[in-house]
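> To start, I am sharing the structure in question, which I have written as structure tokens.
Coordinate-derived values only; no laboratory data. Just so it is clear, the structure is predicted and the values come from calculations on it, not from any experiment. Don't worry about glycine lacking a Cβ; one is built from the backbone with ideal geometry, like all the others, and counts go over all protein chains shown.
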Amino acid sequence: MSNVLVTGGNGFIGSHLVDALAASGKHEVTVVSPRPRHYDGLPAGVTFIRGNLSDQNLLTHVLTDYEIETVYHAAWSSISETAVQNKAADIEGNLVPLVRLLDASCETGVRRVLFFSSGGTVYGKPRTDPVREDHPTDPISPYGITKLAAEKYLKMYRELYGLEYTIFRPSVPYGPRQDPQRRQGAVSVFTYRALKREPITLWGDGQSVRDYFYVEDMVAPLINAMEIPFAGEMTFNLAGSRGYTLLELVSVLEDVLGLRVRVEHRERRNFDVPTLHLDSSAAAERLGWTQRTPLEEGIRKNAEWLEALLKRGA
């Protein structure tokens, strides 16, 4: 049995990772989060510690008392829009806790930290299609800059202190437990509003391109990454098999739901990268990454979860 900490393990991606780690029977799992799990309960045997990652004493206590060997850092306090609105809070709420976590990890003997970065923002405007991990990183948003800075800190801690790391750069995951009332996550937000017969908002002309994948498809590669030998480069894109414009996404959504979706266009936001499709062949080779769930099937499964949520009055 290995001892694993998942920061932000009650959130969207983190909760699916926690479920899979617990179900494997190979890991003792601890979750640190400022909030309890929202949509359902934690699996049996998972330890939940409510707290903030800015608390250095808490981090040292958790890592020591639970003899943590591996840390998945999924906690992040901002989205692209809020990072633009309050850049200082984005730095204070994300980079400072990360550095404290890395310091505590080095002090307590953690072997590896696995970090959830942002494939959609760290590259900036793409110069190639698709975008590989060695593409230049020139983010045009504060969110992308802080994510990239976090990556740089991980690499620095490896050089200075020998701490192993793995960096994931996912494109646009979607699925159950993604909050549909936030302003991030096009598939979940659009589906939720369509089911409520409310209009959806497209920033710009609807021609911006992203690739999407169902969140459960990424769980096995995330766990596999814990055990692969550390090498010189440990950064991996995780992406859907093809890119879709927002208008194409709306069309697929209409076909799956059997509904007409009302679309409202607003002026394009200048911190959004217009077109981006990631190359995830490195993750396929080393982590076993594959998009198992076609977009239509993933939307259908996500819609079923959202319909159940609406019936509960959410």
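> Roughly speaking, what % of Cα-Cα pairs in the range 1-150 are separated by over 21 Å, rounded to a whole number? Write down the numbers at each step before the final one.
Working: 5284 of 11175 pairs.
For the range 1-150, the fraction of Cα-Cα distances above 21 Å is 47 percent.
> Related question: Helix-only estimate, please: 222 nm mean residue ellipticity of the chain, summing -39500 (n - 2.57) across DSSP H runs of length 4 or more and dividing by its residues, to the nearest 500. Don't skip to the answer; put the middle values down first.
Details: 10 runs with 123 residues, N = 314.
Value at 222 nm, helices only, nearest 500: -12000 deg cm²/dmol.
> In addition: Write down the Kirkwood hydrodynamic radius of the range 258-303, to one decimal in angstroms, obtained as one divided by the mean of 1/r over all alpha carbon pairs. Show your work: numbers first, answer last.
Numbers: mean 1/r = 0.0686 Å⁻¹.
This gives a value of 14.6 Å.
> Okay, next question. Can you run phi through the Karplus equation (6.51, -1.76, 1.60; θ = phi - 60°) for the range 88-98 and list ³J(HN,Hα) in whole Hz, with x for Gly and Pro?
Result, rounded to whole Hz: 5, 5, 4, 5, 5, x, 10, 6, 4, x, 4.
> A further question on this structure: Highest first, please rank the peptides 271-279, 19-27, 7-15 by the mean number of other Cβ atoms sitting within 10 Å of their residues.
Details: 271-279: 18.9, 19-27: 16.0, 7-15: 24.7.
Averaged packing, sorted descending, gives the order 7-15, 271-279, 19-27.
> Still on this structure, please answer the following. Given contacts defined as C-alpha pairs under 8 Å and at least six residues apart, what's the relative contact order of the range 129-288, whole-number percent? Each step should come with its number before you reach the end.
Values: 216 pairs, mean separation 56.2, N = 160.
Reported as a whole number, the value is 35 percent.
> Run the numbers on the chain and let me know its relative contact order in percent, using alpha-carbon pairs under 8 Å that are six or more apart. All intermediate terms of the calculation are to be shown ahead of the outcome.
On the way: 590 pairs, mean separation 54.7, N = 314.
Computed over the chain, the figure is 17 percent.
> From the Cα gyration tensor of the range 110-179, with a ≥ b ≥ c the square roots of its eigenvalues, which class applies: rounded if a/c is under 1.5, or else prolate if a/b is larger than b/c, or else oblate? Provide the component values of the computation, followed by the final result.
Numbers: a/c = 2.00, a/b = 1.29, b/c = 1.55.
It comes out oblate by the Cα gyration axes.
> Okay, next question. So, with +1 on the Cβ of K and R and -1 on the Cβ of D and E, and no other charges, what is the size of the charge dipole of the range 27-161 about its Cα centre, to the nearest 20 debye? Let's see the in-between values first.
Values: 14 positive and 17 negative charges, 56 e Å.
Here the range 27-161 has a charge dipole of around 260 debye.
> Is the range 227-308 rounded, prolate or oblate when judged by the Cα gyration tensor, a ≥ b ≥ c being the square roots of its eigenvalues, rounded requiring a/c under 1.5 and prolate requiring a/b larger than b/c?
Taking the square roots of the gyration eigenvalues as a ≥ b ≥ c, the range 227-308 is oblate.
> Something else: DSSP loop GluC sites (Glu not before Pro) in the range 2-74 with at most 15 other Cβ atoms within 10 Å of their Cβ, which ones? Don't jump to the answer; show the numbers that get you there.
Numbers: sites: GLU28, GLU67, GLU69; in loops: GLU67, GLU69.
Filter output for the range 2-74: GLU67.
> Oh, and also: Given an 8 Å cut-off on Cα distances and at least 6 residues of separation, report the relative contact order of the range 85-196 as a percent. Each step should come with its number before you reach the end.
Details: 116 pairs, mean separation 32.5, N = 112.
For the range 85-196, the relative contact order is 29 percent.
> A further question follows. So which GluC sites (Glu not before Pro) in the range 210-274 are both in a DSSP loop and have at most 13 other Cβ atoms within 10 Å of their Cβ?
GLU227, GLU233, GLU267
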